[in-house]
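Worksheet: the structure to be examined is printed underneath.
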Amino acid sequence: MKFDLDAVFVEHGCAGSALATRILGALARDVPVTHVADSDTREATRPAPGAPDPFGAGKRRLVIARRKTPFLAPCPAGSSEFACCGYLVLTLASNCPMDCSYCFLQEFLADNPSFQVYANFADSFDELDRLAANARGRIFRVGTGDLADSLAFDSITSISRDLIDFFASRENLTLELKTKTDEIENLLAMDPRGRVLVSWTLSPDAVYRSSEHLAAPPSARIAAARAVLDAGYRVAFHFDPLIAYPGAERDYILLIDELLDVVPPKQISFVSMGGLRMTPGLRGAARSRFPGDPMLCGEDVLASDGRFRTFTPLRLSLYRTLADRFRKAGAEIPSYLCMEPASVHESVFGAPPVRPAIIGKRLARG
Ligand code: SF4
């Protein structure tokens, strides 16, 4: 296990579960484990009283609990305002042991920052089967990397093995595991039968060093992508958030060159891009937790959706630089923008975005 934990809390009803057994068996001996009544779990997820950085402290408290609400939902970033990619999210965990300065979870999970994993995660398979049965002929791309990194704690939970087993046997479901780690040992032991995508968020070294605390270095992410590709997985890459710092265009080109040297363009299932965007609440929280991070202090303006976004000409220039580099790579790589209106999409790619159901199917099967 590569991330430190200060404490583990196990909800009474989950004590004998397969997930709790796996995690407790893999924990370092000196991590205190407390069993809590089901009615007290919520308290264990709240910010630690008196901690100087309650959100950061929450990332090191693991809570094993039962999820009481549905696991499956449409991507919360989807909106009629934006060109959408038809993604569905499966919430099997909440929060992340890494600590990116720009991460939206700092605001979204401020009131319940403990790292939660759900012992009844296998119930999500029934939800997925119902979804597939009710929409025969459609193909869905389902990801676990929205409120958590998909692989950050996989060395102690091994949930990826259960997921891959399930998705490998489902014709019209594709799993996307999204990560900034190189925790791929479990993946290399499984056969995904073409139905699992692993995607990495990539940033230049300057952003990694300044903002992506405890994440794997970009070159290690790229090497991990090559390894899973060789093991039968599809791979994709997210350049999100793109950050417009001095020298950014050169650094992103160097990063893409490094990627394409290791993963040929025809083996990349898709690429997504999204500019740095922060609500005023997130911007305040991020700047106060990371006052020395210059990546949080670029030229931004409050946009009509209520988020601070990189000044549009800078953002468009970065998008076009990356899109041009991929276009020149010699193979057409499906690409989309995250949380941008159709007009920005058209200005970057020279064509309007296709409908969510169509792009969703294209990204799901490649
Ligand atoms: S890896 Fe993703 S989820 Fe984890 S802190 Fe960074 S941005 Fe947030």
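Quick notes
- Using only side-chain charges placed at the Cβ, +1 for Lys and Arg and -1 for Asp and Glu, the dipole size of the chain relative to its Cα centre rounds to 780 debye.
- Nearest-0.05 FRET efficiency for ARG161 and THR69, computed from C-beta distance (R0 22 Å): 0.35
- Helix-only arithmetic for the chain: the sum of -39500 (n - 2.57) across DSSP H runs with n ≥ 4, divided by the residue total, places the mean residue ellipticity at 222 nm at -10000 deg cm²/dmol.
- Within the full protein context, the accessible area of TYR245 is estimated at about 30 Å² for a probe radius of 1.4 Å.
- Ignoring lysines fewer than eight residues from LYS328 along the same chain, the ones with Cα atoms less than 24 angstrom from its Cα are LYS266.
- Only protein heavy atoms count here; under a 1.4 Å probe, THR69 has an accessible surface of about 80 Å².
- Computed from the C-alpha gyration tensor, the three semi-axes of the ellipsoid equivalent to the chain are 31, 25, 19 Å, from longest to shortest.
- Other residues lying with their Cβ under 11 Å from the Cβ of LEU260 contribute a combined charge of 0, Lys and Arg counting +1, Asp and Glu -1.
- Average accessible surface area per residue within segment 1-147, 1.4 Å rolling probe, Å²: 46 Å²
- Label sites at THR21 and THR279, each approximated as a point 7 angstrom past Cα along Cα to Cβ, lie 4.1 nm apart.
- Largest GNM mean-square fluctuation among SER343, SER211, SER304, using the chain with Cα springs under 10 Å: SER304.
- Carbon plus sulfur fraction of accessible area for the chain, probe 1.4 Å, in percent: 53 percent
- By a 1.4 Å probe calculation restricted to protein chains, HIS35 has an accessible surface near 90 Å², given to the nearest 10.
- Selected from MET295, SER160, THR34, residue furthest toward positive end of dipole (the chain; charges at beta carbon): SER160
- When THR21, THR312 are compared by accessible surface with a 1.4 Å probe, the order from highest to lowest is THR21, THR312.
- Summary of packing: across the peptides 151-158, 252-259, the per-residue average of other C-beta atoms within 10 Å ranks them, highest first, as 151-158, 252-259.
- Bridge type composition, the chain - antiparallel percent by DSSP, nearest 5: 25 percent
The values are calculated or read from the model by the stated rules, or taken from the named source; none is laboratory data. Given the structure is predicted, the values throughout are model-derived calculations rather than measurements. Glycine gets a Cβ as well: all are built from the backbone with ideal geometry, and neighbour counts include every protein chain shown. Surface accessibility is based on the protein's heavy atoms, side chains included, excluding ligands, DNA and RNA. Shrake-Rupley method; radii C 1.70, N 1.55, O 1.52, S 1.80 Å.
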